[in-house]
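The values are calculated or read from the model by the stated rules, or taken from the named source; none is laboratory data. Quick caveat: nothing in here was measured; it's all calculated off a predicted structure. Here Cβ is always computed from backbone atoms with ideal geometry, including for glycine, and neighbour counts include all displayed protein chains. To get the accessible areas, we keep the full protein, side chains included, count just its heavy atoms, and leave off ligands, DNA and RNA. Shrake-Rupley method; radii C 1.70, N 1.55, O 1.52, S 1.80 Å.
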Amino acid sequence: MGCDIHPYCEKLVDGKWEFVLTNIFDWRSYSIFGFLGDVRNYSCCEPLSKNRGLPEDVSEYVKKIRYEDDQCHSTSFLTLKELLDFDYDKTFWNRRIYRGNSGACIAEPGEGEIVSYREFLGDGFFLELEKMKAFGSPEEVRLVFWFDN
C-alpha cells in the first residue's frame with residue numbers, strides 16, 4: 001500500500017491564517033515525504049523538521065478537513081521561510097537502493113550514493129516553492145500537511 005501527502009498552503013491575512021491552495025506537492029514522492037515529514041524516509045535523509053502537529057492557529061478550512069480524516073498521521077507545518085532557508089546544496093548519503101526483484105532496500109556501508117538535497121528532491125520540488133512565493137512574504141506563507149497510508 002502506498003502513502004500520499006495531503007498538503008495545504010496557507011497565508012497570513014490580517015493576523016489570521018487563510019487557506020489559499022491545495023494542489024501543491026500533490027504527487028507521491030517518498031524523497032519529498034522523507035524530507036518534509038520523515039515519512040517513508042527510506043533514503044535516510046535529514047528531515048527539515050520534526051513533526052509539529054496541526055498548528056493551533058490553522059485556518060478553519062484546513063482544520064475541518066484534517067479532523068474529517070481519521071486515517072492520517074505525521075501532521076506538521078513549515079513556513080515558506082523555513083523551506084527557502086535550507087541549504088539544498090548540502091549533501092547526504094542516500095541509502096535507498098534497488099536490488100533486482102526485491103525492490104527498494106536500505107544500503108549497507110559502501111552502497112548508495114552521496115547526493116545533494118537539490119538533486120534528491122528534484123526540479124518539481126522547487127517549482128512548488130515558486131508557487132508558494134506568489135502568496136506573500138516567506139514568513140506569512142506556510143505548508144500544512146499530513147500523510148495517509
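When every residue of the stretch 97-115 is checked against the conditions, none turns out to be assigned to a loop (DSSP other than H, G, I, E, B), more than 22 Å from residue 149 (Cα to Cα) and in contact with a helix residue (DSSP H, G or I) (Cβ under 8 Å, 6 or more places away or on another chain). A single entry from 138, 47 fulfils the requirement of being surrounded by 12 or more Cβ atoms within 10 Å (Cβ to Cβ), in contact with a helix residue (DSSP H, G or I) (Cβ under 8 Å, 6 or more places away or on another chain), free of Cβ contacts under 8 Å to residues at least 24 places away in the same chain and closer than 27 Å to residue 20 by Cα: 47.
With respect to residue 42, determine if the residue is part of a helix (DSSP H, G or I), at pLDDT below 95 and either within 30 Å of residue 105 (Cα to Cα) or touching a Leu at 6+ places or on another chain (Cβ under 9 Å) (or both). No. Scanning the stretch 75-95 for residues that are assigned to a strand (DSSP E or B) and either of a type in the set (D, E, K, R) or open to solvent by 70 Å² or more (accessible area, probe 1.4 Å) (or both) yields a total of 2.
Being surrounded by fewer than 18 Cβ atoms within 10 Å (Cβ to Cβ), under 17 Å from residue 80 (Cα atoms) and among the acidic types (Asp, Glu) is the filter here, so list the residues in the stretch 1-33 that pass it. Selection gives 18, 26. Candidates are the residues of the stretch 50-74 that are open to solvent by 90 Å² or more (accessible area, probe 1.4 Å) and within 27 Å of residue 121 (Cα to Cα); the one that is modelled with the lowest pLDDT is 71. Candidates 57, 70: the one that is within 30 Å of residue 16 (Cβ to Cβ), assigned to a loop (DSSP other than H, G, I, E, B) and free of Cβ contacts under 8 Å to residues at least 12 places away in the same chain is 70. Taking the stretch 116-128 as the range and being in a helix (DSSP H, G or I) and surrounded by fewer than 17 Cβ atoms within 10 Å (Cβ to Cβ) as the test, the residues that pass are 118, 119, 123, 124, 126, 127. State whether the residues of the stretch 65-72 include one that is closer than 20 Å to residue 138 by Cβ and in contact with a Ser or Thr (Cβ under 8 Å, 6 or more places away or on another chain). So far as the stretch 65-72 goes, no, none of its residues is closer than 20 Å to residue 138 by Cβ and in contact with a Ser or Thr (Cβ under 8 Å, 6 or more places away or on another chain). Filtering the stretch 84-125 to residues that are out of contact with any strand residue (DSSP E or B) (no Cβ under 8 Å at 6 or more places or on another chain) and within 13 Å of residue 35 (Cα to Cα) leaves 86, 87, 118, 119, 121, 122, 125.
Applying a threshold of 7 Å to beta carbon distances and a minimum spacing of six or more residues, or different chains, the list of pairs starting in the stretch 1-27 at a residue that is in contact (Cβ under 8 Å) with a residue 60 or more places away in the chain and farther than 14 Å from residue 78 by Cβ and ending at one that is part of a loop (DSSP other than H, G, I, E, B) and open to solvent by less than 20 Å² (accessible area, probe 1.4 Å) reads 3/39.
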